[in-house]
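I have placed the structure first, in the form of structure tokens, so that the comments after it can refer back to it.
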Amino acid sequence: MEKLISARLSGNILVISLVLLVIFHILILLRIVPYETVWGGQIVDSSSLMILECIALFLTIMFILVISIKIGYIKTKRFMKANNIGIWIMFGYFSLNTIGNFASVVSVEKMILAPITILMTLLAFRLALEK
């Protein structure tokens, strides 16, 4: 897999994807994008929406930070082992998210978001393989 795509390119694609995801979650919070299209259609009230979307935004920003450290946008030597563990956690999270998207009753999640999360899972795996 290392010959198919570089770790740096994988990281760059992930960062761009995650920045777009941050924008998507903000649009959901602003109710520009209907919240019925996410969370498997399980959000029933605005307080649930706020909590879940804030968690999603926090995780997404943390993922951007972890990737940025891994590919060298943020220079640090102190947390490299923890950062490498973070990449593997991202891989697991994206894997579970892919399964959840395919299991969703919401067609947008199943048809659009599931293939995107497959790509993100593979990119995270490539990044995790990098020493």
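The values are calculated or read from the model by the stated rules, or taken from the named source; none is laboratory data. The structure presented is a predicted model; accordingly, all values stated were derived computationally and were not measured. Every residue, glycine among them, receives a Cβ derived from its backbone with ideal geometry; neighbour counts consider all protein chains shown.
Take the residues in the range 99-127 that are of a type in the set (S, T, Y) and either buried (at least 20 other Cβ atoms within 10 Å of the Cβ) or closer than 21 Å to I69 by Cα (or both); name whichever of them is modelled with the lowest pLDDT. It comes out as S104. Scanning the range 1-23 for residues that are part of a helix (DSSP H, G or I) and either within 14 Å of M120 (Cβ to Cβ) or of a type in the set (A, V, I, L, M) (or both) yields a total of 16. A search for C-beta distances below 9 Å between a residue of the range 59-88 that is within 13 Å of S10 (Cβ to Cβ) and any residue that is in a loop (DSSP other than H, G, I, E, B) and of a type in the set (S, T, Y), counting only pairs 6+ apart in sequence or on different chains, returns I67/Y73.
Among residues of the range 48-98 being charged (D, E, K, R), part of a helix (DSSP H, G or I) and farther than 24 Å from I26 by Cα, the one that is modelled with the lowest pLDDT is K81. If you go through the range 31-47 and keep only what is within 20 Å of the chain's Cα centre (by Cα) and part of a loop (DSSP other than H, G, I, E, B), you end up with V33, P34, V38, Q42, I43.
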